[in-house]
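For reference, the structure discussed in these notes is given below.
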Amino acid sequence: MAQADFEWLKTFLSKHNCVPEDLLSEVEDVYGEPRIVIATGSILSGFGNKFSDLDVFVVVENSNLTALPITSYKGGLRVDTEYYGVDRVFNQEKMVRSGSCHRSQVLSRDLWVQYYRSLRSMTRFYDGYRLSSKPEFFDWLDQIKSCWLESRVSEWFTYESCRHYLAANWLKKSNMRLACNSISEALFSALSAKVAEKGQVILPKKWLGEKLKACAFVEYLEMFKKALRYPVSDVEQECYFSDIESFVLKLVDLDKLQHSLSWQLWCSPGVQIDNIKGECIVSRWNMRGVLLDSDIGLGQKEYMDCVISSGKFLEQPEDVYGQLFANDMLWLSVVEN
Amino acid sequence: MLLKTSFTVWGNFDMNTVCDIRRHIALRTQGAFRLLVGIQGFLEDVEGGISARQEELVLYQVRQIVLKSLSIHSLALGGELMDQKEQDQVNFDYFLGLDKDIVEKGLKLINRFADCYEPKEKLLEELRAFVDQAEDVLGFSEKLYVLRSPQGFASVLRLAKSWEELAKSKNLPSALPDEWVL
């Protein structure tokens, strides 16, 4: 596998009059001595095309870094070099190994984002090619590239499919056009879970078509292509929703999962709740807002960083929370009971 | 909703008034970054995918381009400031406040790519025009830099610094990708 990655990388770089050693020349030691340097990106995953760029991840001891990429151009090839502190990388690995964030009792947006970024980081290392490393990191990278990560990615996408599925069914009452997007995302996540089981772990869904082809999932590829269209008229939206939902239900065992999952609603970032003379104002960034007839019973500070409402997977939220969700005032998570 | 009036005062000096300054700033900062960090890269993917005959990559990214372009129009008309950066939101409404015509124009363009009856290169030009229409909504006098170009990244970083300070002064969310600051 390593040799195949190297040949692929060499071939791609040669089209830009570069060799792998040129990538190493972009690595600076101003952030600390590199512990491990990998080339990663869609090219290393086997999908990239001539317009693809290349990412170089550099792990250093320094923990005071941003992930702002340092961009350079070699023979027309864009190379983004990113630096990560070793502590951060090890913590990300630990987080992913400990199991999906959906297994937490409470899943806030902050935790979701933290886990997602950790998972994304690990999948980049999984698909990356080692350009150089200190001896103590040889084994570390090898043990990242194994099936434990594949099952974590598959698990992630399965839960996410459930989350989008739930959103789609809540939204269809008031916004069928948007619900169609949600149900398609539920399908894309479900398909991503399937290909992850076969080792296709990179997260971006734009490569889902290539991953499905690589896994020879002919039927699933057709589902994907059908879902990529967007229904325009009301009639088309109803048919689309029904068709795509049936695909999701074929892929995700919701009959089984529904008994172990619950949903939680949180205030979205920027939300504020104010009450004035019996009218409740739920606003976001002091710009968009929803006016409710009655006080929803939350004081100024009570709604911050806590679950506003929750229920078993197929339970509907109370109308007021459903409305707030449909107006993008509430953030949805799905957790295992 | 932005209300702009233009009239001549004090000789040749033109002035626009807006009734919602915070939304005006949010449109220009958030809207610009939806283009710079999202749409510009997606367009490159479409070009590369057409060249490499990666049909599903093309379709997926066309869909993302149209939805994000519509969200820029929506941002000018009362839509949500904070767009999906990492698919954490499952209820972000790309269409909020939009006329049926522009929505249908965008969605039909997605489907024309999927139908494969027309040459992709011709459709790509229409897609670019759709993106340009969204960029026009931002109201800048010049086209935005191309972020993913040798000069573009540095130029955008300089702009971003001043925009961030402005947005912060108005208690608006940051438009920058979190990775740029964390």
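The values are calculated or read from the model by the stated rules, or taken from the named source; none is laboratory data. Since we're looking at a predicted model, the values are computed, not measured. Cβ coordinates were reconstructed from backbone atoms using ideal geometry, including for glycine residues, and neighbour counts include every protein chain displayed. Only protein heavy atoms, including side chains, enter the accessible area calculation; ligands, DNA and RNA are left aside. Shrake-Rupley method; radii C 1.70, N 1.55, O 1.52, S 1.80 Å.
In debye, nearest 20: dipole of chain B around its Cα centre with unit charges on the Cβ of K, R (+) and D, E (-)? Before the final figure, lay out the partial values.
Numbers: 22 positive and 28 negative charges, 90 e Å.
Dipole of chain B, to the nearest 20 debye: 440 debye.
Using amide H atoms built in the peptide plane, which far-off residues or other-chain residues are under 5 Å from A:L131 H to H?
The list, which skips near neighbours in sequence, is A:V37, A:I38, A:A39.
Given the DSSP H assignment, sum -39500 (n - 2.57) over each helix run of at least 4 residues in chain B and divide by its residue total; what's the result at 222 nm in deg cm²/dmol, nearest 500? Working shown, then result.
Numbers: 6 runs with 100 residues, N = 182.
Mean residue ellipticity, 222 nm, calculated: -18500 deg cm²/dmol.
For Cα pairs less than 8 Å apart in space and 6+ apart in sequence, what is the mean separation divided by the residue count of segment A:209-309, i.e. the relative contact order in percent? If you can, show how the numbers build up before the last one.
Details: 83 pairs, mean separation 18.7, N = 101.
Relative contact order, segment A:209-309: 19 percent.
Could you compute how much accessible area chains B and A hide from each other, both sides summed, with a 1.4 Å probe? Nearest 100 Å² is fine. Could the numbers behind the result be given before it?
Values: alone 11000 and 16990 Å², together 22840 Å².
Summing both sides, the interface buries roughly 5100 Å².
Treating the angle as unsigned and between 0 and 90°, give the value, to the nearest 10°, between the Cα long axis of helix A:109-127 and the longest Cα principal axis of chain A.
It works out to around 30 degrees.
I need the GluC sites (Glu not before Pro) found in segment B:80-146, filtered to DSSP loop residues with at most 12 other beta carbons within 10 Å of theirs. Please list the in-between numbers first.
Details: sites: B:E80, B:E86, B:E104, B:E121, B:E125, B:E126, B:E135, B:E142; in loops: B:E80, B:E86, B:E142.
When the GluC sites (Glu not before Pro) of segment B:80-146 are filtered for loop state and at most 12 Cβ neighbours within 10 Å, B:E142 remain.
Of the candidates B:A134, B:A167, B:A76, which one comes out as most mobile in a Gaussian network treatment of chain B with C-alpha springs shorter than 10 Å?
Residue with maximal mean-square fluctuation among B:A134, B:A167, B:A76: B:A167.
Quick test of the membrane-span-like rule: which DSSP H helices of chain B reach at least 24 Å along their long axis (C-alpha atoms) with mean Kyte hydropathy at least 0.5?
Values: long enough: B:55-76 (32 Å, 0.60); B:120-138 (27 Å, -0.36); B:152-169 (26 Å, 0.04).
Within chain B the helices that satisfy the rule are B:55-76.
Quick one: which of B:K120/B:K161; A:K10/A:K198; B:K68/B:K122; A:K173/B:K105; A:K211/B:K161 span more than 29 angstrom between C-alpha atoms? Could you put the intermediate results ahead of the total?
Details: B:K120/B:K161 38 Å; A:K10/A:K198 25 Å; B:K68/B:K122 21 Å; A:K173/B:K105 24 Å; A:K211/B:K161 38 Å.
Too far apart for the 29 Å limit: B:K120/B:K161; A:K211/B:K161.
Tell me, what HN-Hα J-couplings in whole Hz come from the Karplus equation 6.51 cos²θ - 1.76 cosθ + 1.60 at θ = phi - 60° for each residue of segment A:36-53, using x for Gly and Pro?
8, 10, 10, 9, 8, x, 5, 5, 5, 7, x, 10, x, 10, 5, 8, 5, 9
Running a GNM on chain B with Cα contacts under 10 Å, which residue among B:D136, B:D115, B:D93 ends up with the highest mean-square fluctuation?
Residue with maximal mean-square fluctuation among B:D136, B:D115, B:D93: B:D115.
Would you calculate, for chain A, the mean residue ellipticity at 222 nm contributed by helices, counting each DSSP H stretch of 4 or more residues as -39,500 (n - 2.57) and dividing by all residues, to the nearest 500?
Details: 13 runs with 154 residues, N = 337.
Using -39500 (n - 2.57) per qualifying helix, the result is -14000 deg cm²/dmol.
Can you tell which of B:L157, B:L43, B:L70 shows the greatest fluctuation in a Gaussian network model of chain B with Cα springs below 10 Å?
Residue with maximal mean-square fluctuation among B:L157, B:L43, B:L70: B:L157.
Alpha carbon centre of segment B:108-182 versus segment A:13-48: separation in Å?
Cα centroid of segment B:108-182 versus Cα centroid of segment A:13-48: 27 Å apart.
Rounded to the nearest 20 Debye, what is the dipole magnitude of the protein assembly as shown about its Cα centre when Lys and Arg each give +1 and Asp and Glu each give -1 at the C-beta?
Working: 60 positive and 74 negative charges, 63 e Å.
In debye, rounded to 20, the protein assembly as shown gives about 300.
With contacts defined as alpha carbon pairs under 8 Å and 6 or more residues apart, what's the relative contact order of chain A in percent?
Numbers: 536 pairs, mean separation 50.1, N = 337.
Normalised by residue count, the contact order of chain A is 15 percent.
Looking only at trypsin sites (Lys or Arg not before Pro) in DSSP loops with at most 11 other Cβ atoms within 10 Å, what is the longest site-free stretch of chain B?
Working: sites that count: B:K4, B:R53, B:K143.
Result, exposed sites excluded: B:54-142.
Between segment A:63-84 and segment A:140-210, what is the C-alpha centre distance in whole Å?
The distance from the Cα centre of segment A:63-84 to that of segment A:140-210 comes to 28 Å.
Can you tell me how the protein assembly as shown classifies by the Cα gyration tensor, rounded, prolate or oblate, using a/c under 1.5 as the rounded cut? Before the final figure, lay out the partial values.
Details: a/c = 1.39, a/b = 1.20, b/c = 1.16.
It is rounded, given that a/c, with a ≥ b ≥ c, falls under 1.5.
What relative contact order, as a whole-number percentage, does chain B give when Cα pairs under 8 Å and 6 or more residues apart are counted? Mind dumping the intermediate values first?
Values: 196 pairs, mean separation 43.8, N = 182.
It rounds to 24 percent for chain B.
Whose amide H sits under 5 Å from the amide H of A:W285, counting only residues 5 or more places off or on another chain, with H placed in the peptide plane?
Excluding prolines and chain starts, which carry no amide H, the hits are A:V271, A:Q272.
Charges on Cβ only, +1 for Lys and Arg, -1 for Asp and Glu, centred on the Cα centroid of the protein assembly as shown; of B:V156, B:G97, A:A193, which one is farthest towards the dipole's positive end?
Ranked along the dipole, the leading option is B:V156.
Of A:N64, A:S42, A:G322, whose Cα points farthest to the positive end of the dipole of the protein assembly as shown (charges on the beta-carbon: +1 Lys, Arg; -1 Asp, Glu; origin at the Cα centre)?
A:S42
Is the shape of segment A:149-240 best called rounded, prolate or oblate, per the rule: a/c under 1.5 gives rounded, else a/b larger than b/c gives prolate, else oblate, with a ≥ b ≥ c the square roots of the Cα gyration tensor eigenvalues? Can you show the working numbers first?
On the way: a/c = 3.15, a/b = 1.63, b/c = 1.94.
In terms of gyration-tensor shape, oblate.
Using θ = phi - 60° and the Karplus curve 6.51 cos²θ - 1.76 cosθ + 1.60, what whole-Hz ³J(HN,Hα) does each residue of segment A:216-226 get, with Gly and Pro shown as x?
Here the 3J(HN,Hα) series is 6, 8, 5, 5, 5, 4, 5, 4, 4, 5, 5 Hz.
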